[in-house]
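These notes concern the structure reproduced below.
The values are calculated or read from the model by the stated rules, or taken from the named source; none is laboratory data. Keep in mind that what you see is a predicted model, and the values were worked out from it rather than measured. Virtual Cβ from ideal backbone geometry, glycine too; neighbours counted across all protein chains shown.
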Amino acid sequence: MNIAQELERLAKLHADRMLSDEEFTKAKSQLLFSPGLSAVPFKSIRRQSSHTFCGLPLWAIAIGPDLERGEMRGHARAIFAVGDMATGWFACGGLARGIVAVGGLAIGLVAFGGGAIGVLVALGGVAIGGIAFGGGAIGAIAIGGGACGYYAFGGAAVGVHTVSGLHRDPAAVSFFQHYFPWLTSRIHH
């Protein structure tokens, strides 16, 4: 039986009133702080600012499991949040949600990540957003290896106005040359 299963078993015994609060706390402590766990190669981090703004800590860091709280990954919530999961105005983490989000999966107004979903701008391996840049990009303006958008630029592009290996819509060429001049070298006349 692993630790999570044992914790669940203890919690059920406690909920069924077969263990008192004191017995439950003692059994949980013995389980979590047993010698076998001291060899675990990870250390969790939970830190946050004592100062707040708009009801949120200014910064928070939550990385790794906190077995005492029953958390298998850290979730930081703050103005500047860093964690396995991060939620804040500026969020960085495996799963990041915020106004500006950076992470494995990033969701926000502006998002950067392996998978990025941004209302305004998304940049990532797979990007979905108002303006999307990525290996695969979907957006009103999409630029990527595969691009799908009203204005789409890519190796394979689908949309109303496209620039791709197979098609060069004059309106799209003009649009990308005007707003994205760094792409001009990629547009062959």
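Screening F175, F133, F153 for residues that are surrounded by fewer than 24 Cβ atoms within 10 Å (Cβ to Cβ) and either out of contact with any strand residue (DSSP E or B) (no Cβ under 6 Å at 6 or more places or on another chain) or part of a strand (DSSP E or B) (or both) leaves exactly one candidate, F133. In the stretch 49-71, of all residues being at pLDDT below 90 and under 29 Å from A4 (Cα atoms), the one that is surrounded by the fewest Cβ atoms within 10 Å (Cβ to Cβ) corresponds to R69. Screening the candidates A76, A142 for the property of being modelled with pLDDT under 95, in the same structural domain as F53 (by TED's automatic domain parsing), within 25 Å of the chain's Cα centre (by Cα) and surrounded by 24 or more Cβ atoms within 10 Å (Cβ to Cβ) yields one hit, A76. Condition first: of a type in the set (S, T, Y) and in contact with a Pro (Cβ under 9 Å, 6 or more places away or on another chain). Can you find one or more residues in the stretch 78-99 that meet it? Within the stretch 78-99 (the criterion being of a type in the set (S, T, Y) and in contact with a Pro (Cβ under 9 Å, 6 or more places away or on another chain)), the answer is no, since none of the residues qualifies. Taken as a whole, the stretch 84-104 holds at least one residue that is under 30 Å from Q30 (Cα atoms), within 13 Å of the chain's Cα centre (by Cα) and part of a strand (DSSP E or B). Inside the stretch 105-117, residues that are crowded, with 24+ Cβ neighbours inside 10 Å and more than 11 Å from the chain's Cα centre (by Cα) make up a count of 0. Scanning the stretch 15-34 for residues that are more than 38 Å from the chain's Cα centre (by Cα), farther than 17 Å from G70 by Cβ and outside any helix (DSSP H, G or I) turns up R17, M18, S20. Taken together, the residues in the stretch 158-169 that are modelled with pLDDT of 95 or more and either under 23 Å from G114 (Cα atoms) or exposed (fewer than 14 other Cβ atoms within 10 Å of the Cβ) (or both) amount to 2. Looking at the stretch 103-111, is at least one residue farther than 22 Å from I79 by Cα and touching a residue at least 12 places away in the same chain (Cβ under 8 Å)? No: the stretch 103-111 contains no residue that is farther than 22 Å from I79 by Cα and touching a residue at least 12 places away in the same chain (Cβ under 8 Å).
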